[in-house]
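Have a look at the structure below, then the notes.
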Amino acid sequence: MATVPVFDINKNKVSDLEISDDIFNTDVKEYLIHQMVRYQRASWRQGTAKTKTRSEVSGGGKKPYRQKGTGNARQGTIRAPHFVGGGSVFGPKPRDYQFKLNRKVKKAALRCALSARFKEDRMTVLSAIELEKISTKMFAEVLKRFDIDNVLVVIEEANPLVELSARNLPAVKVLRAEGVNVYDLMKHRHLVLTQGAVSQLEGALQI
């Protein structure tokens, strides 16, 4: 099993932690990460774009002019697609962009994303994140000690002091362990985990 140092918020090493190779040190399969990011982004798409066909555009019920003798091409309605104000031919229709992805694939992709951050040496484990009060400045100072800015912070349970302190920092996001996802892991360059969050992820993703 791989071992990582555990720090407190003052960057003092407090212990070493063994982490599961199956979750944090597995082979990084980029195609799985790609599939999962596509799956997440597709689920966010509304799919509400809509244009009207010639049968849905109001008006145009009367034939614009007689069939023969005008010198114009014969027309049945001014709401045909080639008229200004006419209907669309192949315009977008409401649709669902989501597609199916197996649960095993989702878990495997998350293990790959976590392993990528560990192998790139962009993963930091803290014993805990304890703040005296809600303070963006205090939270920013913690990150500055570790020389990281674009970071995803994962905590084991609800912590309003941490979550509210970090929400105004650009490129910083705080998630609880149950909400960790591939898209956010890939979006942020660094990963910070509390020791409790590591245990929760290992319990949820164990093969």
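Among the chymotrypsin sites (Phe, Trp or Tyr not before Pro) within region 24-109, which fall in a DSSP loop and have no more than 14 other Cβ atoms within 10 Å of their own Cβ? Let's see the in-between values first.
Working: sites: Phe24, Tyr31, Tyr39, Trp44, Tyr65, Phe83, Phe90, Tyr97, Phe99; in loops: Tyr65, Phe83, Phe90, Tyr97, Phe99.
When the chymotrypsin sites (Phe, Trp or Tyr not before Pro) of region 24-109 are filtered for loop state and at most 14 Cβ neighbours within 10 Å, Tyr65, Phe90, Tyr97, Phe99 remain.
For the chain, set up a GNM with springs between Cα atoms under 10 Å and report which of Gln40, Gln195, Gln75 has the largest fluctuation.
Ranking Gln40, Gln195, Gln75 by mean-square fluctuation puts Gln75 first.
Rounded to the nearest 20 debye, what is the charge dipole size of region 150-207 about its Cα centre when +1 sits on each Lys and Arg Cβ and -1 on each Asp and Glu Cβ? Can you show the working numbers first?
Working: 5 positive and 6 negative charges, 62 e Å.
The dipole of region 150-207 has a size of about 300 debye.
Using the Cα atoms of region 59-141, I'd like the radius of gyration and the largest Cα-Cα distance, Dmax, both in angstrom.
When restricted to the Cα atoms of region 59-141, Rg and Dmax are 31.6, 89 Å.
Roll a 1.4 angstrom probe over the protein heavy atoms and tell me the percent of accessible area of the chain that is carbon or sulfur.
Working: 6140 of 12740 Å².
C and S fraction of accessible area: 48 percent.
Considering only protein heavy atoms, what per residue accessible area in square angstrom results for region 100-207 with a 1.4 angstrom probe? Before the final figure, lay out the partial values.
Details: 5630 Å² over 108 residues.
That works out to 52 Å² for each residue.
When the dipole is taken about the Cα centre of the chain, and only Lys, Arg (+1) and Asp, Glu (-1) are charged at their Cβ, what size is it in debye, to the nearest 20?
Numbers: 35 positive and 22 negative charges, 544 e Å.
In total the dipole reaches around 2620 debye.
Take the chain, connect every pair of alpha-carbon atoms lying under 10 Å apart with a spring to form a Gaussian network, then pick out the residue of Met138, Met186, Met36 with the largest mean-square fluctuation.
Looking only at Met138, Met186, Met36, the largest GNM fluctuation is found for Met138.
Picking from Val84, Val162, Val151, which is most flexible by a Gaussian network model of the chain using Cα springs under 10 Å?
Judging by the Gaussian network model, the answer is Val84.
Hey, could you grab the Kirkwood Rh for region 76-207? Inverse mean 1/r over distinct alpha carbon pairs, Å, one decimal.
Working: mean 1/r = 0.0571 Å⁻¹.
Evaluated over region 76-207, this radius sits at 17.5 Å.
Give me the percent relative contact order of region 47-168, please, defined on Cα pairs under 8 angstrom at least 6 residues apart. The partial results should precede the final answer.
Values: 98 pairs, mean separation 26.4, N = 122.
For region 47-168, the relative contact order is 22 percent.
Can you tell me the orientation of helix 195-205 relative to the chain, as the angle in degrees between its alpha-carbon axis and the longest Cα principal axis, to the nearest 10?
Its long axis makes an angle of about 50 degrees.
Show me the GluC sites (Glu not before Pro) within region 12-95 that DSSP assigns to loop and that have at most 15 other Cβ atoms within 10 Å of their Cβ.
Numbers: sites: Glu18, Glu30, Glu56; in loops: Glu56.
For GluC sites (Glu not before Pro) across region 12-95 that sit outside H, G, I, E and B with at most 15 neighbouring Cβ atoms in 10 Å, the list reads Glu56.
Can you tell me the alpha carbon radius of gyration of region 121-180 divided by the globular rule-of-thumb value 2.2 N^0.38 Å? Can you show the working numbers first?
Working: Rg = 10.7 Å, N = 60, 2.2 N^0.38 = 10.4 Å.
So region 121-180 has a normalised radius of gyration of 1.03.
Just to confirm the number: angle between the C-alpha axis of helix 30-44 and the first principal axis of the chain, 0 to 90 degrees, nearest 10?
That works out to roughly 60 degrees.
Tell me the label-point distance for the pair Ala2, Phe99, using the 7 Å Cα-to-Cβ offset, in nm and rounded to one decimal.
2.9
Can you give the net charge of the other residues whose Cβ lies under 11 Å from the Cβ of Ile207, counting K and R as +1 and D and E as -1? Let's see the in-between values first.
On the way: positive: Lys104, Lys107, Arg111; negative: Asp21, Asp22, Glu202.
Charge balance near Ile207 sits at 0.
Taking the Cα centre of region 1-48 as the origin and placing charges on Cβ (Lys, Arg +1; Asp, Glu -1), which of Ser43, Met1, Phe24 is farthest toward the positive end of the dipole?
Ser43
What shape does region 1-40 take by its C-alpha gyration tensor, where a ≥ b ≥ c are the square roots of the eigenvalues and a/c under 1.5 counts as rounded, a/b above b/c as prolate, and the rest as oblate?
Note, shape of region 1-40 comes out oblate.
Set the bar at 30 Å for Cα to Cα. Now go through Lys106/Lys173; Lys13/Lys119; Lys50/Lys106 and name every pair that lies beyond it. Could you put the intermediate results ahead of the total?
Values: Lys106/Lys173 21 Å; Lys13/Lys119 20 Å; Lys50/Lys106 32 Å.
Lys50/Lys106, as the Cα separations exceed 30 Å there.
Take every Cα pair under 8 Å in the chain that's 6+ residues apart, average their separations, divide by the length, and report that relative contact order as a whole percent.
Working: 335 pairs, mean separation 50.5, N = 207.
Computed value for the chain: 24 percent relative contact order.
The values are calculated or read from the model by the stated rules, or taken from the named source; none is laboratory data. All figures in this text were calculated on a predicted structure; none of them were measured in a lab. Methodologically, a virtual Cβ is constructed for each residue, glycine included, from the backbone with ideal geometry; neighbour enumeration extends over all protein chains shown. These area figures cover heavy atoms from the full protein model, side chains too; ligands, DNA and RNA do not enter into them. Shrake-Rupley method; radii C 1.70, N 1.55, O 1.52, S 1.80 Å.
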